[in-house]
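Encoded as structure tokens, the structure appears first; notes follow it.
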Amino acid sequence: MWGNMHTISRSLPKINQVFKASLFSICALQSSLLLAQEESQQLHTVLDVDVLYQPVSSEQVHGTTALELLQELQTKHYSSVEIDDNFSATVFDSYLDSLDGSHLYFMRGDINKLSAYRYTLDDSLKDGSVEPGFEIYNRYYQRVLERLIYSIEEVENNISSMDFSIDETILIDREEAPYANTDAELDEIWRKRIKNSVLSLRLTGDTDEEIAEKLGKRYRNQLNQVLKTNARDIFQTYLATVAKAVDPHTSYFSPRDSENFNMGLSLSLQGIGAQLTTDEEYTKVAELIKGGPAERGKELKKGDRIIGIAQGVDGEIQDVVGMRLDDVVAQIRGEKGTIVRLSVLSEESVAESEASMVSITRDTVKLEDQSAKQEVIELSYNDQDYKIGIIHLPTFYFDFEAASRGEEDFKSSTRDVKVLLEELQEEQVDAVVVDLRNNGGGSLSEANQLVGLFIETGATVQIRYSGLRNGFTRSFGDNDPEVAYAGPLAVLVNRTSASASEIFAGAIQDYERGIILGGQTFGKGTVQEIIPMEYGQVKLTRSKFYRVSGESTQHRGVIPDIAFPDFYEAYEDIGESSLDGALPWDTVRPVEYRRYTAVKALLPELQSRHDERASASPDFGYLIDQIERSKKLRKREEISLNESVVKSERQERRREEFDANNLRRFLKGLTLNEWVEDPNAEVDEEEELTEN
């Protein structure tokens, strides 16, 4: 669940190196002993749901906190919030989805019974009661225990009888699948799930005995983790769902989750520099922190699922499928300079045999690694040489602490970009491209000031407020007439360019100061504020961004003037428009602003020239082909449980990718690759695209 998010990075006090090494060794020994004790407990857990299941009860503070949350939502949220039957239905549906979005645990009878709460959750919350949330969760808790017991018995007793030569399939996405009516129906769904897990490990070369041991240990570990369920877990899940019913960026954090959330904001922990979340039984990479070890390594990707963790260069892989997020985070955190190895599945992967190993050296997130950088590329067009300056800006940063201390050389994205522009002009570049791809935003004031480097004066963004200033719209902008760069300008964006990036790109587009290239941006046009509560805190949407033209960046984002192929086109679940309950796009009154060049008038000619060049480009053709193959792969509804069919399909996909890449190389006059049967010898396609 998205409310359960952690940022991995840690700063330790400066202590004697010998003592620190000894302390680390003792902690590692303690962790090993605890793991050994837990494994022993898991192996001897009684597989009887009547013995294991103990319903969890709420506490008095939970009800009073629910009342306080409703008060905050109704008085401070950007939108008008009505706590009524419609709100109750939204909470009910979202809560069931957050618990069992794939319809693998609840049965139809459960849903029929629990549906009595569909239109009454609002009344219970107003009465200061979270009991319905606990009752729904307790039924889910019981069903999870039943399924884990079934899974353990299946893998420990029935693997040898599984037939991988018959034609069976399993549904990939069960969100729209009906709930099972009977135990027998649910058993059949889980039999196929377990068979798919066994097949995945068979394809890695494991024997039946090794698979039984590995999966048995995994499911017993999951069972042990689930048995740790407590009132705090349930309360956090339920109230986070209540808050998110208003909009996807509003959420509640219990005291412990508040600690983790605030820790993430300050980047104060050492580790790999990634935000993690729970996605069903997997730990999923929600975001890579700019400048962090994982982002610098370029191997771990957003959306990857971590299925195993190993310490050091030769440590044994520990299975973490089904493990609590807190425990996964604890294994990833560690001393600066040490290595952690992660076994990960990409977002498209459906089998563990497709997992890859990522090695990351733990470190802190360094501000200098987030800094803007420049490069100059030289190219020829129509027998004329050009020099293009590229400015890569990963985030809109501002070192507030250094600035507040009065330090004159504090880090600022605008200051750094201004210096880079001066360097590029000294090199006499013909044009500048500001690369904001994958820039998720940052400081609003930095976005405003950065626009000011390219225009004389004027508004750059409008903000519409809620609460006591409900409906009040204020414009912010640049009052400095100095222009750092007045030449030809382009801004490069993609689907993960968000927030401050969209403010900058939108302003450049509205002023027609430059041309916007790439893909549609994320569409996050809202501003959140952290509000402390008696018990925890709430992250609340308080205001909304608008461009100087009056258009919101919310939901739609910024549409580029010239669209480039973008890998994110293959993913329908990226962007504000994919989030349930996202606030709508709308407009406010535009402010006065001047247009610098007639970019819009030039667009038809520019588009025609671009289309002509793109159609003749082997790299563009290859990229478009990659996107289409990825779309096709993601549209699959079922996967086979026939071993020979699975092997054949994978080989076909490898061959298709290989042939497409060789066609690109042939058209560019490069040496063709030779086909190899070893599936581990695949060519890195991203690396291939960088070749000349």
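Throughout, read-outs are computed from the coordinates displayed, never taken from laboratory work. The structure displayed is predicted, hence computed values, not measured ones. Glycine also receives a Cβ, built like all others from the backbone with ideal geometry; neighbour counts cover every protein chain displayed.
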For region 371-597, the Cα gyration tensor yields equivalent-ellipsoid semi-axes (√(5λ), largest first, whole Å) of 30, 21, 18
Going highest first, how would you order 68-79, 450-461, 491-502, 601-612 by mean Cβ packing within 10 Å?
491-502, 450-461, 68-79, 601-612
Modelled FRET efficiency - R0 51 Å, Glu592 with Arg232, Cβ distances, 0.05 increments
0.45
Using Cα positions and a limit of under 13 Å, work out the aspartates and glutamates in reach of Lys373, with same-chain residues fewer than 8 apart set aside.
Asp416, Glu422, Glu423, Asp435
Mean separation of Cα contacts under 8 Å (at least 6 apart) over the residue count of region 45-236, i.e. the relative contact order in percent, is 32
Quick one: Debye curve from the C-alpha atoms of region 102-188, no solvent, what's log10 I(q)/I(0) at q = 0.16, 0.17, 0.19, 0.23 Å⁻¹?
-0.80, -0.87, -1.00, -1.24
Give me the number: length gained by fully extending Phe472 to Glu354, i.e. 0.36 nm times residue separation minus the C-alpha to C-alpha distance, one decimal in nm.
37.2 nm
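Using mean Cβ contacts within 10 Å as the protection proxy, how do 50-57, 381-388, 433-440, 330-337 order, highest first?
Descending mean neighbour count gives 433-440, 330-337, 50-57, 381-388.
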Pick out, from Gly440, Ala355, Ser475, the residue whose Cα sits farthest towards the positive end of the charge dipole of the chain, with +1 on the Cβ of Lys and Arg and -1 on the Cβ of Asp and Glu.
Ser475
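Quote the convex hull volume per residue of the chain, based on C-alpha atoms, as a whole number of Å³.
Per-residue hull volume (Cα only) is 186 Å³.
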Quick calc, region 477-590, dipole around Cα centre from Cβ unit charges on Lys, Arg (+) and Asp, Glu (-), nearest 20 debye, gives 180
How far is helix 17-43 tilted off the main Cα axis of the chain, in degrees rounded to 10, range 0 to 90?
40
Roughly what % antiparallel, to the nearest 5, for the DSSP beta bridges in region 443-521?
60
Computed label-point distance, nm, for sites Glu210 and Glu316 using a 7 Å Cα→Cβ extension:
1.4
What is the spin-label model distance, in nm, from Gln384 to Asp327 if the labels are put 7 Å beyond Cα along the C-beta direction?
6.6
Can you compute the charge dipole magnitude of the chain about its Cα centre, using +1 on each Lys and Arg Cβ and -1 on each Asp and Glu Cβ, nothing else charged? Give it in debye, rounded to the nearest 20.
1580
Counting pairs of alpha carbon atoms under 8 Å apart in space and at least six apart in sequence, what relative contact order in percent does region 78-188 give?
42
Please work out how much length the chain gains when fully extended from Leu171 to Glu534, using 0.36 nm per residue of separation minus the C-alpha to C-alpha distance, in nm with one decimal.
126.2 nm
Mind pulling the angle between the C-alpha long axis of helix 131-157 and the longest principal axis of the chain? Nearest 10 degrees, somewhere in 0 to 90.
70
Where the centroid of each part is defined by its Cα atoms, how far is region 525-566 from region 653-673 in Å?
42
Difference of contour (0.36 nm per residue) and Cα-Cα distance, Ile111 to Glu131:
5.5 nm
Proxy reagent accessibility, fewest Cβ within 10 Å first, across Met533, Met323
Met533, Met323
Roughly what would the spin-label model give for Val56 and Glu422, points 7 Å off Cα along C-beta, in nm?
5.7
Most packed first (mean Cβ within 10 Å per residue), the peptides 634-647, 563-576 order as 563-576, 634-647
Euclidean distance of C-alpha centroids, region 70-98 and region 117-148, integer Å
16
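Counting DSSP beta bridges with both partners in region 371-597, what percentage is antiparallel, nearest 5?
65
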Calculate, for Ile562 and Asp48, the FRET efficiency according to 1/(1 + (r/R0)^6) with r their C-beta to C-beta distance and R0 51 Å; round to the nearest 0.05.
0.20
Nearest 10 degrees is fine. How inclined is helix 618-634 to the longest principal axis of the chain, computing both from alpha carbons?
30
Could you state the number of Å between the C-alpha centres of region 488-509 and region 308-338?
37
Let me have the relative contact order for the chain, percent, based on Cα pairs under 8 Å that are six or more residues apart.
13
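So if we plug the beta-carbon distance of Ser79 and Leu633 into 1/(1 + (r/R0)^6) with R0 = 41 Å, what FRET efficiency do we get, rounded to 0.05?
According to the calculation, E is roughly 0.60.
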